[in-house]
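Everything below concerns the one structure shown next.
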Amino acid sequence: MLVLVVLFAFFTPGEAMVPWLGRFAPTWEGAALAALHCLRLAIVVMLVAVLLERTGERAMVSGLMVLAAPLTVLGLSVERLAVRVLLVFRYVESPPDGGWRALLDESPGGGEVEPILVAHTALRMPDWLAMAVLMVAVAWGVSL
């Protein structure tokens, strides 16, 4: 957030907050933009925290698979994406002893390997309804 404040407050043209600093002064317009973007960032971080707290990792990955399904047309393997995301979740929660370099040093045949299970859940009626409402809202917003 500090970076946002510095970039917006000091590099947005407008009326200087401290006129005697000249062009090195933060601007009122930049400060307003910085506050707006900091608020947006805080809201996104809070929503992600709620999502991670209320939803299990397998449910999130299942949702990611459903949302990324159209990308199979471009050659993206949704299953491989899901497995990679689950691996990231696993290593974020319990990193190996010695950090990421320990992953490179281990022999491929050593140690127990826990299977990674990916559940694919179909969309239900409330999901379809929520997506329809979102698409109508976006179309209405674009047409304004």
Practice item. Sticking with the crude label model, points 7 Å out along Cα→Cβ, report the distance from Ala137 to Val6 in nm, one decimal please. Key: 3.5 nm
Check your understanding: Whole-Hz Karplus ³J(HN,Hα) for the stretch 118-133, in order, using 6.51 cos²θ - 1.76 cosθ + 1.60 and θ = phi - 60°, x for Gly and Pro?
Key -> 10, 9, 10, 9, 6, 6, 9, 4, x, 5, 5, 5, 4, 5, 5, 4
Review point. From the list [x] 23, 17, 14; [y] 41, 27, 13; [z] 53, 25, 13, can you say which value of semi-axes √(5λ) of the Cα gyration tensor in Å was derived from the structure given?
Key: [y]
Revision key, fill the gap. Asserting the computed 222 nm helical MRE of the chain (DSSP H runs at least 4 long, -39500 (n - 2.57) per run, divided by residue count, to nearest 500) equals -20500 deg cm²/dmol
Check your understanding: Stretched out fully, how many nm does the piece from Arg124 to Trp100 gain, at 0.36 nm a residue minus the Cα gap?
Key -> 4.7 nm
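Just so you know, all these numbers are worked out from the coordinates, no wet-lab data involved. On a predicted model such as this, the values are computed, not experimentally measured, just so you know. Every residue, glycine among them, receives a Cβ derived from its backbone with ideal geometry; neighbour counts consider all protein chains shown.
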